[in-house]
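Each value in this text was obtained by applying a stated rule to the coordinates, not by laboratory testing. All values reported here derive from a predicted model rather than from experimental measurement. A quick note on method: Cβ atoms are made from the backbone with ideal geometry, for glycine too, and the neighbour counts reach across all protein chains shown.
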């Protein structure tokens, strides 16, 4: 299998001895949309800058299209970078910005112009081609940066928080354009972000990083439903984490003894869940069912087994046909629950009591 | 209450400051229009005339007052200032560029460079002259030893100006250029340099003006042929006529012309910088 991008045991240690990236391993296929996601300082930007050549690799192998590029200069690599601040050349107009990469390669003028026109047209910039970049909006400037990078036909496009400086509405629309563009061009995108919504919406796979290490590499859906570590569970989505000790195992599920009673979750990672092992149940918000207090106990047991926790409804708000609720456990912990209005109409009220319940198969157990 | 006392004091202070700053020049300016050739370098003005300006350019009938021996010295000084400006600015830009990355011994190198403007000029001049005569054994000239002394003196100014400019320079445009496949040299030429040009202009102005009226270093290091400041000083030891004032006015006008060119070029760059700032506001 030929990969577009391969990082094998890549480490980055700064001159003062601070480790920035620790044992990074990743294989990226051609045309994949990869997101590096993590809090600031987790090493995601450093990794991107190693791929681009702006930072040196301390040890390990960095391969692009099967060729080791550790020691290749940035301008020799088939990568191109999009910056958060766009980094447009302020002394050039839109067309000159886009033409720049071709111009210095001594491409024949006619061909270069044709390519520039093509990409400007594709990104809807033809109308402003002769304008100075200064007066343009953030969205337009982001597109110019994209055009400038894409016109040199890189194998891999690197994007460093490219939507970070845009307002929320614009971010959504550029996000969609970006995804369409990537599908259309079929080139590999590596995208760095600290916003999980962006990563979840755009990428084929997400690399979650924390403190210089990879925590998990998964498709978005799986990351959401099957976090493999405490960090990911806290960082992605809105999960309720219930620690306990292993008491039993049944049908691929693990039963834990917790502060809230006997609770279960699916053992997706295939952990050796022997009795007494300290583990946690990761309960995604979507897996939670709220059971009104008037439901008979046998019916509840039949549906959810022992996976029920009594709670108090703190707040209740109806938006359209969705009911948003905040409920609290006896330990004071609050979680958000949503459900269809018809299901709960007249059966729940603020200050009332209910049960948070789930099917074991919809929750996940991980090591504590 | 406070401003009632403070304001007049400050006003007087500013008035005195301006008087001392421009007073000598105004007096020289007025005296340069003294009647010639019998009028002397003092008040009262016998009658207003442009005689001394004509005298300066050799347009007056021959008289007992010899023409000011500054023609060649002026050419020498302009040439020297130009050579110094180019060399010091190139070195300044290169050195400041080097300081963008931390390197071993950066602190020592920084102080060694800055020392050039700290050491008293007389010492540098004397040292250069001794080095040339006694150690290396070469003749002193305005274009060799004095040129070296001027570069050593002006280089730190150019360096500090460029350091300040590059300190605020956003390196991501350079990275963007590299990542488009553009070599660092072309990137510097086409991206970095146009953007730091206002700073380069300031560095050039500093180096030129400092070199143009440099006295103590040149006095020792320049050898036989004099530069303009030395030549003017030389005329004082004979007899002073208002032609020297006329010359002073001319050189000052030249400096103003230089400053205007600088101002215009700077204005253009600042307009562009404002656009850049606007651009960042939007972002």
* Structure fact -> With no solvent term and unit scatterers on the alpha-carbon positions of the stretch A:83-214, Debye gives log₁₀ I(q)/I(0) at q = 0.13, 0.17, 0.19 Å⁻¹ of -0.56, -0.92, -1.11
* Would you work out the relative contact order for the stretch A:240-367, in percent, from Cα pairs under 8 angstrom that are 6 or more residues apart? => 32 percent
* Structure fact -> Of the convex hull drawn through the C-alpha atoms of the protein assembly as shown, the volume per residue in Å³ is 286 Å³
* Asked: Could you work out the helix-only [θ] at 222 nm for chain B, with each DSSP H run of four or more residues adding -39,500 (n - 2.57) and the total divided by the number of residues, to the nearest 500 deg cm²/dmol?
  -> -23000 deg cm²/dmol
* Using alpha-carbon positions, what is the distance between the centroids of the stretch A:191-236 and the stretch A:76-108, in Å? -> 31 Å
* Structure fact -> Between residue A:153 and residue A:176, Cβ-based FRET efficiency (R0 35 Å, step 0.05) works out to 0.90
* State the Cα centre-to-centre distance between the stretch A:260-298 and the stretch B:116-182 in whole Å. => 73 Å
* Any idea how far apart residue A:259 and residue A:340 come out in nm if each label point goes 7 Å out from Cα toward Cβ? -> 3.5 nm
* Sorted from fewest to most neighbouring beta carbons within 10 Å, what does the list A:44, A:179 look like? -> A:179, A:44
* Using only Cα atoms, tell me the angle between helix A:94-103 and the longest principal axis of chain A; keep it within 0 to 90° and round to the nearest 10. => 70 degrees
* To do: Summarise the long-distance tail of P(r) for chain B by giving the % of C-alpha pairs beyond 26 Å.
  => 60 percent
* Additional length obtainable on full extension of the chain from residue B:251 to residue B:135, 0.36 nm per residue less Cα span -> 38.0 nm
* To do: Please list the equivalent ellipsoid semi-axes of the stretch B:34-139, computed as the square roots of five times the alpha-carbon gyration tensor eigenvalues, in descending order and whole angstrom.
  => 46, 19, 15
* Relative intensity, log₁₀ I(q)/I(0), of the stretch A:240-367 from a Debye sum that treats every alpha carbon as a point, q = 0.09, 0.12, 0.16 Å⁻¹ -> -0.26, -0.45, -0.76
* Asked: Roughly what angle does helix A:138-150 make with the longest principal axis of chain A, taking Cα atoms, 0 to 90 degrees, to the nearest 10?
  -> 60 degrees
* Can you give the calculated 222 nm mean residue ellipticity of chain A, where each DSSP H run of n ≥ 4 adds -39,500 (n - 2.57) and the sum is split over every residue, rounded to the nearest 500 deg cm²/dmol? -> -7500 deg cm²/dmol
* When a footprinting reagent is the concern and you count Cβ atoms within 10 Å, what order do A:280, B:237 take, fewest first? -> B:237, A:280
* Exposure proxy ranking, count of Cβ atoms within 10 Å, fewest first, for A:356, B:161, B:119, B:135 -> B:135, B:119, A:356, B:161
* Asked: Quick one: if the Förster radius is 22 Å, what FRET efficiency do residue B:144 and residue B:82 give, using the C-beta to C-beta distance and rounding to 0.05?
  -> 0.90
* To do: For peptide A:89-95, compute the average count of partner chain beta-carbon atoms within 10 Å of each residue's beta-carbon.
  => 5
* Structure fact -> Residue separation between residue A:14 and residue A:278 times 0.36 nm, minus their alpha-carbon distance, gives in nm 91.4 nm
* Under a plain spin-label model, where a point goes 7 Å from the Cα along Cα-to-Cβ, how far apart in nm are residue A:221 and residue B:54? -> 10.0 nm
* Asked: Once the piece of chain linking residue A:2 and residue A:328 is laid out straight, how much longer is it, given 0.36 nm per residue of separation minus the C-alpha distance between them?
  -> 112.2 nm
* Structure fact -> Between residue A:251 and residue A:67, Cβ-based FRET efficiency (R0 41 Å, step 0.05) works out to 0.25
* **At 0.692 mPa s and 37 °C, Stokes D of the stretch A:5-225 from Kirkwood alpha-carbon radius, µm² per second** => 183 µm²/s
* Structure fact -> Long-range alpha-carbon pairs in the stretch A:121-278, meaning those over 23 Å apart, account in percent for 53 percent
* To do: At q = 0.22, 0.23 Å⁻¹, what is the base-10 log of I(q)/I(0) for the stretch A:20-145 according to the Debye formula with one equal point scatterer per Cα and no solvent? Please give it to two decimals.
  => -1.27, -1.31
* Once you put a point 7 Å from the Cα of residue B:102 and another 7 Å from the Cα of residue B:27, both along the Cβ direction, what distance in nm separates them? -> 5.5 nm
* **Acute angle (nearest 10 degrees) that the helix B:106-118 long axis makes with the longest principal axis of chain B, alpha-carbon atoms** => 10 degrees
* With an 8 Å cut-off on Cα pairs and a minimum separation of 6 or more residues, tell me the relative contact order of chain B in percent. => 28 percent
* Asked: Which percent, nearest 5, of DSSP beta bridges in the stretch A:107-219 are antiparallel?
  -> 50 percent
* Nearest 5 is fine: what % of DSSP beta bridges in chain A come out antiparallel, could you say? => 75 percent
* DSSP bridge pairs, the protein assembly as shown: antiparallel proportion in percent, nearest 5 -> 75 percent
* Determine the distance separating the Cα centre of the stretch B:82-105 from the Cα centre of the stretch A:31-51; give it in Å without decimals. => 35 Å
* Relative contact order %, chain A, counting alpha carbon pairs below 8 Å whose residues are six or more apart -> 16 percent
